[in-house]
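The structure appears below as structure tokens.
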Amino acid sequence: MSFVHQISLNWFVVYYFVLGAMLLVNGLIWFSRPAPFQQYLTEHARKDERPALLIKTIRYLMLFSGVSVLLSLVPFSWVELLFSVWSLVILFILGSILLRWKQLKNLILERPQAVLGQIRKGGYMMFSVGVVLLLLAWYRLSMYGFA
């Protein structure tokens, strides 16, 4: 296996595993206890400021997704390229939602029960994507005889 293939393999295995584990744990937290995140959003909506934690998270995930696009092209892999483009599209959607913070903050303050439901749905989605990413990490390892 060449050096470039090894870098790509290591990157995607670590990235899939870490991102999958984070999504799995965060998804479990969000659908079992959505109230703390709702309080976080409500605090920022009352202060009329965008949630800095969400913006920083999107920035870092955008950086890692960009690196993933480049590493999926070097030893070309459809699976990694589709994953990288999919994650960029998801981050674009989340970023565009945060751009409309003035409208979103009004909804957060007016409909707290609806926000709890959306956080819970987001937790289910995060959990399922986390499971898929952990399976993808295992697939990548087993593809090269490591698992």
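Data for the structure
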item: Every residue from the range 129-147 that is touching a residue at least 24 places away in the same chain (Cβ under 8 Å), surrounded by 13 or more Cβ atoms within 10 Å (Cβ to Cβ) and farther than 11 Å from ALA21 by Cα; result: LEU136, ARG140, LEU141
item: Breaking point among (1) more than 24 Å from GLN39 (Cα to Cα); (2) without any contact (Cβ under 8 Å) to a residue 24 or more places away in the chain; (3) of a type outside the set (Val, Ile, Thr); (4) open to solvent by 80 Å² or more (accessible area, probe 1.4 Å), for GLN103; result: (1)
item: Flag if LEU19 is part of a helix (DSSP H, G or I) and open to solvent by less than 30 Å² (accessible area, probe 1.4 Å); result: yes
item: Yes/no for SER65 being polar (S, T, N, Q), closer than 18 Å to GLY130 by Cβ and either touching a Ser or Thr at 6+ places or on another chain (Cβ under 9 Å) or free of Cβ contacts under 8 Å to residues at least 12 places away in the same chain (or both); result: yes
item: Sole residue being within 17 Å of the chain's Cα centre (by Cα) and surrounded by 16 or more Cβ atoms within 10 Å (Cβ to Cβ), chosen from LEU28, LEU61; result: LEU61
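The values are calculated or read from the model by the stated rules, or taken from the named source; none is laboratory data. Predicted model, so just to flag it, every value in this text is computed and none were measured. All Cβ positions, even for glycine, are placed from backbone atoms using ideal geometry, and neighbour counts span all protein chains on display. Keep in mind that these areas ignore ligands, DNA and RNA; they rest on the heavy atoms of the full protein, side chains included. Shrake-Rupley method; radii C 1.70, N 1.55, O 1.52, S 1.80 Å.
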